[in-house]
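The values are calculated or read from the model by the stated rules, or taken from the named source; none is laboratory data. These numbers were taken from a predicted model, which means no experiment stands behind them. Backbone-built Cβ (ideal geometry, glycine too); neighbour counts: all protein chains shown. In case anyone asks, the SASA skips ligands and DNA or RNA and just uses the protein heavy atoms, side chains included. Shrake-Rupley method; radii C 1.70, N 1.55, O 1.52, S 1.80 Å.
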Amino acid sequence: MSDKGIMRASSEEMEYVNSGDLFADARGIIEGAQRFAHQAVNVALVRRNWLLGKRIAEEELAGDGRAEYGTQAIKVLAKSLTTEYGKGFTYSNLYRYKQFYTAFPKIFATPSQKSLQLLSWSHYSVLLRVDRKEARDWYEQEALREGWSVRTLDRNVSTLYYDRLLLSQDKEPVVEEMAEKTSEFQANRLEFIKNPVVAEFLGVPQDKRHTESDLEQAIISNLQQFLMELGKGYAFVARQQHIKTDLDDFYIDLVFYNYILKCFVLIDLKKGKITHQDIGQMDMYVRMYDDLKRGEGDNPTLGIVLCTETSETIARYSVLHDSEQLFAAKYKLYLPTEEQLREEIENQKLMFKLQQGEGSNGGAGSL
């Protein structure tokens, strides 16, 4: 059984068996230590959130269970905790912790924690979307037993996997289809180590730029300068802007505000071929900006998705259906064309290769 997403607070995980292969044993020790460290942090994180939820629930009871009293108490607590400890303690987060305690009141209620098995906090956040207790309990046990990653659990909940299994007389094809469609989610054994929730819990500053390639960063920097020099009203807003949802963390490569168009312009760079998922993700960014950032009198947000495949550079504009007429009538006048964007990225790729060649060939500059 895979141990993805499962946490056991036991030092036995740090042991190893000498296989006679030094490299394989060293690799096992290192990855085991990474898993153990992450699991220990997640046990503490899950316990913290459960205890906070329990305490908030007790406070609501002290107010005779009145909903308005509980809401006000959480708002006051959120403000105080944010002032004291920074982000991570918003009203919505604290309310979710209370939901967590209510939905799972007994996971920390046993006297002995020696054989404690827990999913990660991200798993529990997904499970909180399941209203029916019997379905939620089933998803929890299957995630533990099968070692489902967060993305696998999220997909199974979203596609009503539990209900489809119940309705199916022949369950094997349903199980096989699920395994096939989630295989890529299960492939990376150490994917969970990059979880930004853990970094936030530890108070470690996040800098997504460390995970990007040098080429990507060079292209993003050049695009930032390129748009600013177009002279068409672009004002720089943010780079690698962090967008957090209930389940995931996203980073928008570049954000501008165009004071002529009176709208935000979002740019995201992709390393591979542009997919429907990439366009869908940009549409999500656009909707979030329209909901959260768009001011009175602003036009709808515009998104641009770029890809940098070795053989071809592609640019795609992402506009919501109700913005298409505005895009055709006005946006195009102040945006770089797809050809301009392609040419700029190709130039940057060539410059990057030349610089890399100079660095590796003593200034020869050959490709």
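Points to keep in mind about this one:
- The listed residue being under 17 Å from residue 54 (Cα atoms), open to solvent by less than 30 Å² (accessible area, probe 1.4 Å) and among the small types (Gly, Ala, Ser), out of 103, 135, 67: 103
- Residues of the stretch 214-245 satisfying the condition of being open to solvent by less than 20 Å² (accessible area, probe 1.4 Å), at pLDDT 75 or above and part of a helix (DSSP H, G or I): 219, 220, 223, 227
- Candidate set from the stretch 63-106 (those that are in a helix (DSSP H, G or I) and acidic (Asp, Glu)); member that is modelled with the highest pLDDT: 84
- Hey, residue 248 closer than 30 Å to residue 129 by Cα, surrounded by 20 or more Cβ atoms within 10 Å (Cβ to Cβ) and under 16 Å from the mean Cα position of the chain (by Cα) or not: no
- Count - residues of the stretch 107-132 that are modelled with pLDDT under 85 and either among the charged types (D, E, K, R) or open to solvent by less than 50 Å² (accessible area, probe 1.4 Å) (or both): 3
Yes or no, residue by residue, for (1) assigned to a loop (DSSP other than H, G, I, E, B); (2) at pLDDT 85 or above; (3) open to solvent by less than 50 Å² (accessible area, probe 1.4 Å):
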site: 261; (1), (2), (3): yes, no, yes
site: 266; (1), (2), (3): no, yes, yes
site: 272; (1), (2), (3): yes, no, yes
site: 285; (1), (2), (3): no, yes, yes
site: 307; (1), (2), (3): no, no, yes
site: 316; (1), (2), (3): no, no, no
